[in-house]
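Enquirer: Handing you this structure, nothing more for now.
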Amino acid sequence: MTSVATRIDLLTGKPAVLPGTAPAPSTCSTDLAASPWDFAPAVSAGYGPGASEADTVPAGAPAQPVIPEEYQHASAEELDRRIAAAKETLGERVVVLGHFYQRDEIVAHADFLGDSFQLARAARSRPEAEAIVFCGVHFMAETADILSGDHQSVILPNLAAGCSMADMADEDSVEEAWEQLMDVLGETGDDGRQTVVPVTYMNSSAALKAFCGRHGGIVCTSSNAATVLEWAFERGQRVLFFPDQHLGRNTAKAMGIPLEQMPMWNPNKDLGGNTAQELQDARVILWHGFCSVHRRFTVAQIEKARAEHPGVRVIVHPECPMPVVDAADENGSTDHIRKAIEAAEPGSTFAIGTEINMVNRLADQHPEHTIFCLDPVICPCSTMYRIHPGYLAWVLEELVAGRVINQISVDPATARDAEVALERMLAALPR
């Protein structure tokens, strides 16, 4: 696997040695070379180094206190040994879940590695575990708490590991949008179906998942978004899709829904910046949100990859903007990307449009292929990067000592409504 030193070089945007590409200047903060405890406590307006650093952190976002110095000063090798030893001591009492976007030093200790859909299932697959340590971001840990047993504690190693996209749709804004939509459209159409079915992407708070549960809606992931939209259209005339506009647009467009029937909802404008007639004519109303990592990919990057690598296969995540998805050979979830590479004939060349940690890992795991990231400027997810081995060692050793720290708990009323929407999601199997 890629060494820690090499990984830091890549993450800080130092000249990358990618096949057929020239070194590119960095636009990412060099603070990525620092450990998360060096910058996380000081972050107030933005998310810190990485692709999301320019996004605004909402008031009240979780903050992570500084962890004990012994974890800050320990070498990578010592942290690796301590994590392994703590896991061995805890045995089946703990299960560690890791998202594909985590750094390799964390993935090495994950009992399950997957995308958000797979990890939602994994959260309930070890009922004997007393603790679920979720190496991902806050909304994922909330989902694990909702789906796990009452006897289980869900732990997020770094409480500051949030998601800028998830923060682009808050409960008050969605409730206000819903009230305006009901004023214009009413609750039930002439055909007896709901006028609007709310669909929230997994990348959202437990409160928004609960909103969907209360209003006949559902949660989706990038793996099952098409199945979920089909489910919603069976029950309603329109969909309100939040918070990621790009996943909603790309999925609906692939289903044959014209762009003129997909107006954008800007929560800062009356009727989201639309007329009543535009909302009447809509099939999918898209929230004004996005992923800062996937928004970095461009058609120009795809054109460059094709010019420099004839026969390259371009695969991008559906959180990318529509022109990028249209220009790619295919798009799909992180698991789709992984499976496509695993199934390819040796000697294939791939240009991938998703988070850099996963792209580098795939390149390490498949030396029989040429695999590189479309974006020559390495800029990872700001908050996924905050799950440092120091934090993982800390929470695990605290468990060994009988202490549960950084526990994520969703209040019972919210959890009850959110579970309704999540169970619908789990039943909507990806195609």
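Enquirer: Could you list all residues from the range 364-379 that are free of Cβ contacts under 8 Å to residues at least 60 places away in the same chain and surrounded by fewer than 17 Cβ atoms within 10 Å (Cβ to Cβ)?
Expert: Start the filter on the range 364-379 by keeping residues that are free of Cβ contacts under 8 Å to residues at least 60 places away in the same chain, which leaves 365-369, 371.
Once the filter is applied, which keeps residues that are free of Cβ contacts under 8 Å to residues at least 60 places away in the same chain and surrounded by fewer than 17 Cβ atoms within 10 Å (Cβ to Cβ), the range 364-379 yields Gln365, Pro367, Glu368.
Enquirer: Looking only at residues in the range 225-241 that are closer than 21 Å to Asp326 by Cα and crowded, with 24+ Cβ neighbours inside 10 Å, which one is farthest from the chain's Cα centre (by Cα)?
Expert: It comes out as Leu229.
Enquirer: Please go through the range 388-421 and give me each residue that is within 30 Å of Val199 (Cβ to Cβ), in a loop (DSSP other than H, G, I, E, B) and among the charged types (D, E, K, R), ordered by number.
Expert: Answer for the range 388-421, where residues must be within 30 Å of Val199 (Cβ to Cβ), in a loop (DSSP other than H, G, I, E, B) and among the charged types (D, E, K, R): just Asp411.
Enquirer: Scan the range 389-414 for residues that are open to solvent by 20 Å² or more (accessible area, probe 1.4 Å) and either at pLDDT below 95 or β-branched (Val, Ile, Thr) (or both) and report the count.
Expert: 5
Enquirer: Is one or more of the residues making up the range 242-249 acidic (Asp, Glu) and surrounded by 19 or more Cβ atoms within 10 Å (Cβ to Cβ)? Don't jump to the end; show me each part of the working.
Expert: Kept after step one, since they are acidic (Asp, Glu), are these residues of the range 242-249: 244.
Then keep just the ones that are surrounded by 19 or more Cβ atoms within 10 Å (Cβ to Cβ); that gives 244.
The answer is yes; a qualifying residue exists.
Enquirer: I need the strands (runs of 3 or more DSSP E) fully contained in the range 146-259, keeping only those with at least 3 residues that are closer than 30 Å to Glu398 by Cα.
Expert: Qualifying strands (runs of 3 or more DSSP E): 153-155.
Enquirer: Among (1) open to solvent by 30 Å² or more (accessible area, probe 1.4 Å); (2) under 15 Å from Trp287 (Cα atoms); (3) modelled with pLDDT under 95, where does Ser164 come up short?
Expert: Just one mismatch for Ser164, condition (1).
Enquirer: Let me ask you something else. Quick check on the range 305-316. Is at least one of its residues under 23 Å from Ala54 (Cβ atoms) and without any contact (Cβ under 8 Å) to a residue 60 or more places away in the chain? Please lay out each step first, then the result.
Expert: Quick first cut of the range 305-316, residues under 23 Å from Ala54 (Cβ atoms) only: 316.
From what is left, the residues that are without any contact (Cβ under 8 Å) to a residue 60 or more places away in the chain are 316.
Among the residues of the range 305-316, at least one is under 23 Å from Ala54 (Cβ atoms) and without any contact (Cβ under 8 Å) to a residue 60 or more places away in the chain, which makes the answer yes.
Enquirer: Checking the structure you have, find out if any residue of the range 280-292 is surrounded by fewer than 15 Cβ atoms within 10 Å (Cβ to Cβ) and either modelled with pLDDT under 95 or not hydroxyl-bearing (Ser, Thr, Tyr) (or both).
Expert: Among the residues of the range 280-292, at least one is surrounded by fewer than 15 Cβ atoms within 10 Å (Cβ to Cβ) and either modelled with pLDDT under 95 or not hydroxyl-bearing (Ser, Thr, Tyr) (or both), which makes the answer yes.
The values are calculated or read from the model by the stated rules, or taken from the named source; none is laboratory data. Being a predicted model, the structure only gives us computed values, none of them experimental. With ideal geometry, Cβ positions are generated from the backbone for all residues, glycine too; neighbour counts draw on all protein chains shown. For accessibility, only protein heavy atoms count, side chains too; no ligands or nucleic acids. Shrake-Rupley method; radii C 1.70, N 1.55, O 1.52, S 1.80 Å.
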